[in-house]
1. Restricting attention to the range 210-232, and to residues there that are hydrophobic (A, V, I, L, M, F, W, C) and in contact (Cβ under 8 Å) with a residue 12 or more places away in the chain, which single residue is surrounded by the fewest Cβ atoms within 10 Å (Cβ to Cβ)?
2. For residues in the range 21-43 being of a type in the set (D, E, K, R) and under 19 Å from L125 (Cα atoms), which is surrounded by the most Cβ atoms within 10 Å (Cβ to Cβ)?
3. Can you work out which of the residues in the range 53-65 that are assigned to a helix (DSSP H, G or I) and open to solvent by 60 Å² or more (accessible area, probe 1.4 Å) is farthest from the ligand (Cβ to nearest atom)?
4. Go through A149, A105, A95, A145 for me and flag whichever is under 29 Å from L209 (Cβ atoms), open to solvent by 20 Å² or more (accessible area, probe 1.4 Å) and either among the aliphatic types (A, V, I, L, M) or more than 16 Å from the ligand (Cβ to nearest atom) (or both).
5. Are any of the residues in the range 263-275 crowded, with 18+ Cβ neighbours inside 10 Å, assigned to a helix (DSSP H, G or I), of a type in the set (S, T, Y) and within 18 Å of the chain's Cα centre (by Cα)?
6. Residue under question is T207, and the condition is that it be within 16 Å of the ligand (Cβ to nearest atom), open to solvent by 30 Å² or more (accessible area, probe 1.4 Å) and more than 30 Å from K438 (Cα to Cα); does it hold?
7. Could you list all residues from the range 67-92 that are within 32 Å of the chain's Cα centre (by Cα), surrounded by fewer than 20 Cβ atoms within 10 Å (Cβ to Cβ) and not in a helix (DSSP H, G or I)?
8. Tally time: how many residues in the range 305-324 are exposed (fewer than 14 other Cβ atoms within 10 Å of the Cβ) and within 12 Å of S260 (Cα to Cα)?
Amino acid sequence: MAKKSSPAIWGGRFTAGPAELMLRFSESVSFDRRLAPFDIAGSKAHSAMLAHAGLITAKERDAIHAGLDAILAEVAAGAFAWDIALEDVHMNIEAALTRRVPAAAKLHTARSRNDQVATDMRLWLKHACGVLREKIAGAERALLAVAAANRDVLIPGYTHLQRAQPVPLAHHLFAWLEMLDRDRARLADVAAHANWCPLGAGALAGTTLPIDREFTAKALGFTDARGRPQVTANSMDAVADRDVFIEFAAACALFGVHLSRIAEDLVLWSSIEFKFVELSDAFCTGSSLMPQKKNPDACELLRGKSARLQGNLHTLLTLVKGLPLTYNRDLQEDKPPLFDSFDQSALCADVLAGTLGGMTFHRERCAAAVADPALLATDLADYLVLRGVPFRDAHHAVGAVVRLAEKNVVALNLLPTTEVQQIHPAFGPDWVEVFDLKRALAKRTGSGMPGPAQLAKQFKRWEKILK
Ligand code: ARG
């Protein structure tokens, strides 16, 4: 080399290194260092493949593996010296390996950081989906335990935040379970979408060297249910594609939406106005000014974090929108929002589990709220329907009964039968039996309804799913 070149790994064609400002601007090691275990796994598989393909010797492979293992141990111990001058996790690890193992100079054969980072991220995504799924399952189990402990509690169900119809509390909690379980299923789908190995795509156009992509994919666990390797089908798409990142952020954002709705119910239920539930002190805080306050901060933060999770999704969509194929450095900015979505979702799932686990229901308050016979006005209309009255007429007649009760300031079920019969002759002497809550719920026998037989079925179902 005639002139002195830049010390950077890619520095051959440069005569000067990057400005200090540029280093600070372009480094990603401050946030992508968490990819180290995945990067090292990828490099071990890649070097195993290089040996298998005859591009390096078995000895060189073993030296590379030993060096990478030592680096991983150093990283795990917090002893690895990360350097922003080396830009990212990939070059930090490669440089450290090169200092230890001469064969490291061959590691990057037939590989680019473009397919490398895509591979690292897919490995990370599969891991992240698994962790989140487990944490959400933890929250679900806490929820099932609350439902079991309050199996006999009834509350009003709401529409428009107005008391609508009575439901078992467990039925309401099982609605939350449905939401959370869909989140878990969605994350399994994301993991399945991540399960394709980009290694071998190179910078964008593969390589002229005789590599074995299937070998690497298999070594890294990018396999289908029957153990067959799954490799990406187009080298340009492989390094440009961030769809599955966006899917992960979308799954987290939707999880956040669910969290926010659950949290909002709890904020309402724990207010003095409802007072259905007492949240544990462990997940509430006090006021610095008002000594009497016990605020549902955990729930409010769960609600608030959902904004952040939506923001991360939006950041990623905007980042990728309009980018020309294939890799552009913009894509480095995919990591902070993605990692944040994972970190916050994981934290939220744990906090939700803790919040749910610590709450106790005020049974008398729930019973009082659900006692209003007006909540069974629809059942009364159904009663008329069974006596041959068209539903619209029945609805109208019951409306008139409700109006009469309001005018007389008396509970619906305490109106004299004769007056009710004046409104509609189809009301029989047994009309008040409709207001027996137990009987009313027992009639809700269809699938997905809140009747006791269905509820028992759902308890069994969730116990099986969450065991
Ligand atoms: N740190 C980079 C990123 O996260 C790795 C890929 C760099 N590729 C490149 N051609 N500069 O996107």
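The values are calculated or read from the model by the stated rules, or taken from the named source; none is laboratory data. If you're wondering where the values come from, they're calculated on a predicted model, not measured in any experiment. So basically every Cβ, Gly included, is an ideal-geometry build from the backbone, and we count neighbours across all protein chains shown. All accessible areas refer to the heavy atoms of the entire protein, side chains included, with ligands and DNA or RNA removed. Shrake-Rupley method; radii C 1.70, N 1.55, O 1.52, S 1.80 Å.
1. Of the residues in the range 210-232, the ones hydrophobic (A, V, I, L, M, F, W, C) are 211, 215, 217, 219-220, 222, 225, 231.
Okay, now just the ones that are also in contact (Cβ under 8 Å) with a residue 12 or more places away in the chain, so 211, 215, 217, 219-220, 222, 231.
Values: I211: 22, F215: 20, A217: 25, A219: 20, L220: 24, F222: 26, V231: 17.
This residue is V231.
2. So the first thing to find is which residues in the range 21-43 are of a type in the set (D, E, K, R), and the list is 24, 27, 32-34, 39.
Okay, now just the ones that are also under 19 Å from L125 (Cα atoms), so 32-34, 39.
On the way: D32: 23, R33: 16, R34: 15, D39: 28.
Per the stated criteria, the residue is D39.
3. Taking the range 53-65 first, the residues assigned to a helix (DSSP H, G or I) are 58-65.
Within this subset, residues satisfying the condition of being open to solvent by 60 Å² or more (accessible area, probe 1.4 Å) are 59, 61-62.
Values: K59: 29, R61: 24, D62: 27 Å.
Going through the qualifying residues, I end up with K59.
4. Working: A149 fails: under 29 Å from L209 (Cβ atoms); A95 fails: open to solvent by 20 Å² or more (accessible area, probe 1.4 Å); A145 fails: under 29 Å from L209 (Cβ atoms).
The match here is A105.
5. no
6. Working: within 16 Å of the ligand (Cβ to nearest atom): yes; open to solvent by 30 Å² or more (accessible area, probe 1.4 Å): yes; more than 30 Å from K438 (Cα to Cα): yes.
Yes: the conditions hold for T207.
7. A77, G78, F80, W82
8. 1
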